[in-house]
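Below: one structure, written as C-alpha cells.
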Amino acid sequence: MSQGIPAEFSGVTAVCKANIYFDGKVISHTLVDGAGKKITLGLIFAGSYAFNTGAPERMDMVAGVCRVKLAGQEGFVAYPAGTTFFVPGDSSFEIAVDEGIAEYICSFG
C-alpha cells in the first residue's frame, strides 16, 4: 500500500469484542502490539458520523473514500484509499462516506 500504510500486522493481540458505533454503521476491531500500542481496523458504511477524540489519531484509508471535517475546519476534505489524515487529541471530527464502504486503520497516540 502507498504512503507507509501497512498491508498487515504481525505480532499483535486481537481483541475479540468489536467496537460498534451508529447502529453498526461504523465497526472496528482493536489490535494491541507488543509495546501495548492500540490500533483499530475498521469499516465505515455510507453515512455521516461525528466522533470525539481523547488521544491523537492517525487515520490511514485502506479502501474506499471518505470525506473528513476536522474541528475548526470550514469544509470537508476527501481522503481516498492510500491517504492519511491526522486528528488532534481532545478534539472532534466528522467523517462521511457517500457510497460503498471505507476501510481504515486508526493508530492512537
Bins of 10 Å, beginning at zero and ending with the bin holding the largest distance: percent of Cα pairs per bin for the chain, please.
15, 49, 33, 4, 0
Work out from phi, with θ = phi - 60° and the Karplus expression 6.51 cos²θ - 1.76 cosθ + 1.60, the ³J(HN,Hα) of each residue of region 102-109, listed in order in whole Hz, and give x for Gly and Pro.
9, 10, 9, 10, 10, 10, 10, x
In vacuo Debye sum over C-alpha of region 1-52, base-10 log of normalised intensity I(q)/I(0) at q = 0.13, 0.16, 0.22, 0.31 Å⁻¹, listed in q order, is -0.40, -0.59, -0.93, -1.15
Could you provide, to the nearest whole Å², the per residue accessible area of region 1-73 with probe 1.4 Å?
58 Å²
Of the heavy-atom accessible surface of the chain (probe 1.4 angstrom), what whole percent is carbon and sulfur?
55 percent
Lysines within cross-link reach of Lys25: Cα-Cα under 19 Å, excluding same-chain residues under 8 positions apart?
Lys17, Lys69
In whole percent, what relative contact order does the chain give with Cα contacts below 8 Å and a gap of six or more residues?
30 percent
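The values are calculated or read from the model by the stated rules, or taken from the named source; none is laboratory data. Predicted, not measured: the structure shown is a model, and the values here were computed from it. What goes into the accessible areas is simple: the full protein's heavy atoms, side chains included, and nothing from ligands, DNA or RNA. Shrake-Rupley method; radii C 1.70, N 1.55, O 1.52, S 1.80 Å.
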